[in-house]
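Asker: Let me give you the structure first, and then I'll get to my questions.
No value in this document is a laboratory result; all are computed from the given coordinates. On a predicted model such as this, the values are computed, not experimentally measured, just so you know. Cβ placement follows ideal geometry from the backbone for every residue including glycine, while neighbour counts extend to all protein chains displayed.
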Amino acid sequence: MEQRDFDDIKKRQADAERTFDLHTEMLKENSKILDSHTKMLQKIVHTVTVQRGDTVLLQNDVTTLQEDMTEVKTDIDILKTEIKEARADIASVKATQSDHGELLQEHRTMLKEILSRLPPRNE
């Protein structure tokens, strides 16, 4: 019976060694997979970090554009006011010119009358 126990122990030891070798191979494969996944995760983390940086830059650009738009709107409002004032000035100048035109017409008529009353010139 001792031989049988000894053979049984040898068989169990061989089975355990095969199982151990099998588990060692599985661990090696799992380690390779884990390394691959770790590298992929690092790439993803790097990409996310870069994208976050880009997002911050874009947010800064949007904020700057919004501030610039506020300034542009203010400038446009100022220009609109100045254009209204310029149009009012132009209308005033046109009215004055129109009045001057009538005044010149009256003066021309009066000068013609005065000249017609004067004696002719001797040259």
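Asker: What's the whole-number percent of alpha carbon pairs in the range 82-123 lying beyond 13 angstrom?
Answerer: More than 13 Å apart: 67 percent of the Cα pairs in the range 82-123.
Asker: Near Asn60, within a Cβ-to-Cβ distance under 14 Å, what is the net charge of the other residues, with Lys and Arg +1 and Asp and Glu -1?
Answerer: So the environment of Asn60 carries a net charge of -3.
Asker: Take the alpha-carbon positions of the chain, form their convex hull, and give its projected area averaged over all directions (one quarter of the hull surface) in nm².
Answerer: 18.3 nm²
Asker: With a sphere of radius 13 Å drawn around the Cβ of Leu22, what net charge do the other residues whose Cβ falls strictly inside it have (Lys, Arg +1; Asp, Glu -1)?
Answerer: -3
Asker: Could you state the angle between the C-alpha long axis of helix 2-117 and the longest principal axis of the C-alpha atoms of the chain, as a value from 0 to 90 degrees rounded to the nearest 10?
Answerer: So the helix axis and the longest Cα principal axis differ by about 0 degrees.
Asker: Along the charge dipole of the chain, Cβ charges K/R +1 and D/E -1, which of Ala95, Leu79, Leu65 sits furthest on the positive end?
Answerer: Farthest towards the positive pole: Ala95.
Asker: Quick one: net charge of Val45's neighbours, Cβ under 12 Å, K/R +1, D/E -1?
Answerer: Taking every Cβ under 12 Å from that of Val45, the sum is +3.
Asker: State to the nearest 20 debye the size of the charge dipole of the chain about its Cα centre, where the only charges are +1 on K and R beta carbons and -1 on D and E beta carbons.
Answerer: Using Cβ point charges on Lys, Arg, Asp and Glu, the chain gives about 480 debye.
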